[in-house]
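Down below is the structure, laid out as structure tokens.
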Amino acid sequence: MASIEIAGRRVGQDVSTGAGHLALILTDDLGAEFILSAYTDNTLFSGDLFIETYGQSAWVPRALSSENSIAEHRIDRVTLDLGARSPAAVAMLIDQFALAMNGQTLSYEVFDQNSNSVIGTLLDLVGIVVDDVLPNPSGVGWLGFVARDTLIQFPYSIVGTPEADIIQTRGFDQEIFGAGGDDRLSGGAGDDRLSGGAGDDLLDGGQGIDTAVVSGAKGSYSLNIGPEDVVLLDRRPGGEGADTLIEIEHLEFSGAPADAGVYLSGLMALPKIAEADLRLIIELYVAYFDRAPDAEGLHFWAGAFAGGVSLDQMSQAFSDQAETIATYPAGTSAADFASAVYDNVLGRALDPDGLNFWLGLLNSGQVQRDAPILRVLEGAKAEPL
């Protein structure tokens, strides 16, 4: 029966278990064994790490592996719990990660990252907790401490299998394509691109500015926005299923560039913004651009506001836009400027007292036209004294 095991070389002759150097052993459906292991190319304390390969794979037939020289009674083996995943699918992912890791120049440090760090990292990247598979009997233990404490960071692009994969990233900007199955893709600290493919997937962007990539045009999908996540439903017959998105800032669709993306952070921010603040953002749009906000723009600025951008900062950003300059061209008198803002905001003309009030502020310099019109907007909403 196929399986993946973590194996460790027995420490000494007088203990029942405990290991130093770690490796992985894949047993296929025919009972053939393949070993994945890492080594240093120099002394015990320095050099570069490398992963043994054979035939463009990090899984080396046992008879050809350097590990084959170790007597069987000196090796402790623990079978990994892969859940519902098949050993073949998990081995395929581990192989991609190992080859990507092997393409880097990784410095070997015995108390920082070593061959055990490689094994610990590979397991972690496919959703296996190293602490769960490195038993530590009292007084003996596995000497795989570095596998627990140091997880190697390196850039990669990984393609999943037709099964339900678990794939995790590191601190770089990574690309993960889940392919088929109900995948769980988790981003790290970088700006990651995650694509679940077919199946009902979970895409967790983690830290950074992350993008969920789907194969269809924007009109083929529906969004259900919750307080902490978004469910993206592909309505196409035989489409990509329903994906749950967590900490994903952008959605990228296929199609024309103008219709290819959605600023997801803004969509998720809308339910969290007070109605009065949202109304004021909309009124800022009207005051500056003489039009209601488009959905994309409203979502973007709602997300910015939820992220800490103040209404004053938003107003200043609006003032430099081409639409603002067209609505309030250079040379517009203070009276025309005040009247235009009042008309754009409330849809009616200024009364004489209100006009005199604003002319006094504008002509004295107490309120500037470009930084910010927000003061004019707030005053127009209040009763003049």
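The values are calculated or read from the model by the stated rules, or taken from the named source; none is laboratory data. All figures in this text were calculated on a predicted structure; none of them were measured in a lab. Neighbour counts run over all protein chains shown; Cβ positions are idealised from the backbone, glycine included. Each accessible area value is taken on the protein alone, full model and side chains, heavy atoms only, with ligands, DNA and RNA left out. Shrake-Rupley method; radii C 1.70, N 1.55, O 1.52, S 1.80 Å.
Laid out as a table, the results:
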{"item": "Ala63 versus Ser310: modelled label distance in nm, points set 7 Å from Cα along the beta carbon direction", "result": "7.5 nm"}
{"item": "Options Ala217, Leu245, Leu185, ranked by Cα towards positive dipole end of the stretch 157-269, top entry (Cβ charges)", "result": "Ala217"}
{"item": "Amide proton proximity set for Leu22, modelled H, under 5 Å, gap of 5+", "result": "Asn116"}
{"item": "FRET E, pair Ala292, Ser215, Förster distance 30 Å, beta-carbon r, rounded to 0.05", "result": "0.40"}
{"item": "Neighbourhood charge, 12 Å Cβ-Cβ cut-off, centred on Ala164 and excluding it, Lys, Arg +1 and Asp, Glu -1", "result": "-4"}
{"item": "For Tyr156, residues with placed amide H under 5 Å, excluding near neighbours", "result": "Glu175"}
{"item": "At most 11 other Cβ within 10 Å, DSSP loop - GluC sites (Glu not before Pro), the stretch 164-250", "result": "Glu228"}
{"item": "Summed residue charge, Cβ within 10 Å of Gly187's Cβ, Lys/Arg positive, Asp/Glu negative", "result": "-4"}
{"item": "Lys, Arg +1 and Asp, Glu -1 on Cβ, resulting dipole of the stretch 270-344 about Cα centre, debye, nearest 20", "result": "160 debye"}
{"item": "Phe305 - accessible surface, heavy atoms, 1.4 Å probe, Å² rounded to 10", "result": "50 Å²"}
